[in-house]
Structures are given as C-alpha cells and as structure tokens.
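See below for the structure under consideration.
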Amino acid sequence: MTLPTDRSDVAADTVRGGPRRRRVRAQVRGVPLPLLVPALIGLAFLVLPLIALLVRAPWRSLPELLTSAEVWQALRLSLVCATAATAVTLVVGVPLAWLLARVEFPGRGLLRALVTLPLVLPPVVGGVALLMALGRNGIVGKSLDSWFGVTLPFTTAGVVVAEAFVAMPFLVISVEGTLRAADPRYEEAAATLGASRFTAFRRVTLPLIAPGIAAGAVLAWARALGEFGATITFAGNFPGRTQTMPLAVYLALQSDPEAAIALSLVLLAVSVAVLAGLRDRWMTAG
C-alpha cells in the first residue's frame, strides 16, 4: 500500500476523498462493460417510471386533489382493510409459519409450496378462486350463506379476505425464516423446566422472533394496501364499500389523470416509508 509522502499529497487526498475514493474508482473501473451496461439499463428501467411520476405530478393542485371526499374515502377504506387483513394474517400466519419451521410431518414441502403459491399466482386468478370457494355458490360460501347468512363477495369484508389471501405468504415466509434462524435450544430449555410447548412458544419463541414478525407484518400490510386484481374480482369496485386506493387510481385514470397521479403518489410515499422502515433488514449487506 502506497502512503502519501508529504503534506501536499495528504492535502490532495483530503480534497479528492482520500484512499477510500480511490478504491471506489478502482472498483468501478474493474467492472466489465458487458455487465455494467445491462446493469445501468436495468436501473434506468426501474427508476425512470418513478421519476416520470414525480415530474408529471400536478404539484400545484395536489393539495386540492388529495383533500377531496372521494380520495379520503378510498384512503380510509384502504387503511382499515389493509390493517384488518394484516391482523388476520398475524392470527393464522404466525402459527402456520411455526408449523412449517418446527414440526416434521409428511408433505411439509408440498404445504410450503401451497402457502407460497399466492406469491406467483396472478391476483385475478386468486380472486376467481376466492369466488369459487367463498362466493354464494362456492363450495364454502354456499354453506356460509344458507346457515349463517354471511355473504363475503362484493362487501368490505370481502376486501379484507382478498387482501389477506395475497398478503399472508409475505408474513409466513418472513416468520418462518426467522424461526429457522432462531436457536431452538431456548425452547428445549423451557421444556426441561416444565413448560408446555405452547407456553414455550408464548414466553420464549415469540420474543425471539418479534423482529421477524414485525417485518413480515409490515410487508403484508404494504402488499394488502396495494392489492388490486383479487380485490376487484372478488369484492368489486363500489365507492365507500370496496373501492380502495388502487381501484380509485384505475378509475381516475380513465377520467381524471391528474387525480390518478396524485393517488399514485400517496401509494408511492407509503412504499418508500415501508422500505425506510425495513432498511436495516432488507437493504444492508452482510
């Protein structure tokens, strides 16, 4: 390693950023051009649409657009439904993740594949599947309607069901990964002291995996907030009842593009906030 030989070299290094900046430049120069060019194209492909959204935003009329009754109605419904869907995923998703991570049973791999299927399933197909299962003539919905008088499609509860269906895999994957990384010896020690398996889960495991649960819940909430396909297929698009923010963006784009851009900025801000909240978990190396 070559060190500066006099004060003038030290001053020059300070002005230019020192050895650290020289190392960065050397690393950049070492990137092969066949890799650098596609990487820059991919970066532009991802960033340019977001920049265009910001450039074309109607900043002067933005406060007026965002304070309209329709926008607040859609925003309130979106926040309520996304929060309710996240609560549903927590209640059933955390035990499901524990089952996949801690219990050995035949077909566990198949069950894990089924749990993660909504991640790759087109949302519209998920909405159709929900209709076939929970619609008035569905295999379960028919009984719900005839026995209890409960109808889920095209209701606010249907929005919550559709959002929970597409968001739950995010929570399950996050919590299962945290459980697999957690040391099971703490649970074994609790069992040797006479604690039941549920007590060990409640008193030992849950505090250990709380960061993973929080991260999964935030991801599930953000996914539920942005859900479109399953919602419009299973719950419809009725203002004040099932019209969430993504549906309002789609509807406004056909008649008022500036309002659609304003609504999109709200969802973009939420996405940035989620990434900022999870930066220590997802955006750091090592």
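If you look at the Cα atoms of region 54-140, you get an Rg and a Dmax of 19.7, 60 Å. A 1.4 Å probe run over region 45-142, with the rest of the protein chains in place, finds 62 Å² accessible per residue.
Hey, what angle do you get for helix 108-120 against the long axis of the chain, alpha-carbon based, 0 to 90 degrees rounded to 10? Its long axis makes an angle of about 80 degrees. Compared with the dominant principal axis of the Cα atoms in the chain, helix 33-55 is inclined by about 60°. Taking the protein heavy atoms of the chain in the context of the full set of protein chains, the accessible area attributed to carbon and sulfur is 69 percent at 1.4 Å.
At q = 0.12, 0.16 Å⁻¹ the log10 of I(q)/I(0) for region 145-207 amounts to -0.55, -0.69, computed by Debye summation with a single uniform scatterer per C-alpha, solvent ignored. Across every pair of non-identical alpha carbons in the chain, the mean reciprocal distance, once inverted, gives a Kirkwood radius of 22.7 Å.
Taking Cα centre as origin and charging only the Cβ of basic (Lys, Arg, +1) and acidic (Asp, Glu, -1) residues, the dipole magnitude of region 86-242 rounds to 140 debye. Under a Gaussian network description of the chain, with springs only between Cα atoms under 10 Å, the residue in LEU144, LEU36, LEU50 that fluctuates furthest is LEU36. Only one residue of VAL274, ALA164, SER61 has its Cα farthest out toward the positive end of the dipole of the chain, where Lys and Arg carry +1 and Asp and Glu -1 on Cβ, and that residue is VAL274. In the full protein context, region 212-263 carries 36 Å² of accessible surface per residue, based on a 1.4 Å probe and ignoring ligands, DNA and RNA.
Computed on the Cα trace of region 86-242, the radius of gyration divided by the Kirkwood hydrodynamic radius gives Rg/Rh = 1.05.
When both region 90-141 and region 173-247 are represented by their alpha-carbon centers, they are found 14 Å apart. Structure remark: mean-square fluctuation, Gaussian network model of the chain, C-alpha springs under 10 Å; the largest value among ILE41, ILE173, ILE261 belongs to ILE41. In region 199-261, one over the average inverse separation of all distinct C-alpha pairs is 14.2 Å, which is the Kirkwood hydrodynamic radius. Relative to the longest principal axis of the Cα atoms of the chain, helix 123-134 runs at roughly 20 degrees. Here the chain is assigned +1 on the Cβ of each Lys and Arg and -1 on the Cβ of each Asp and Glu. Its dipole about the Cα centre then comes out at about 740 debye.
The values are calculated or read from the model by the stated rules, or taken from the named source; none is laboratory data. Because the structure is predicted, anything quoted here is derived from the model rather than measured. When we count neighbours, we look across all protein chains shown, and the Cβ atoms used for this are built from the backbone with ideal geometry, even at glycine. Ligands, DNA and RNA are stripped out before the accessible areas are found, and what is left, the full protein with its side chains, is counted by its heavy atoms. Shrake-Rupley method; radii C 1.70, N 1.55, O 1.52, S 1.80 Å.
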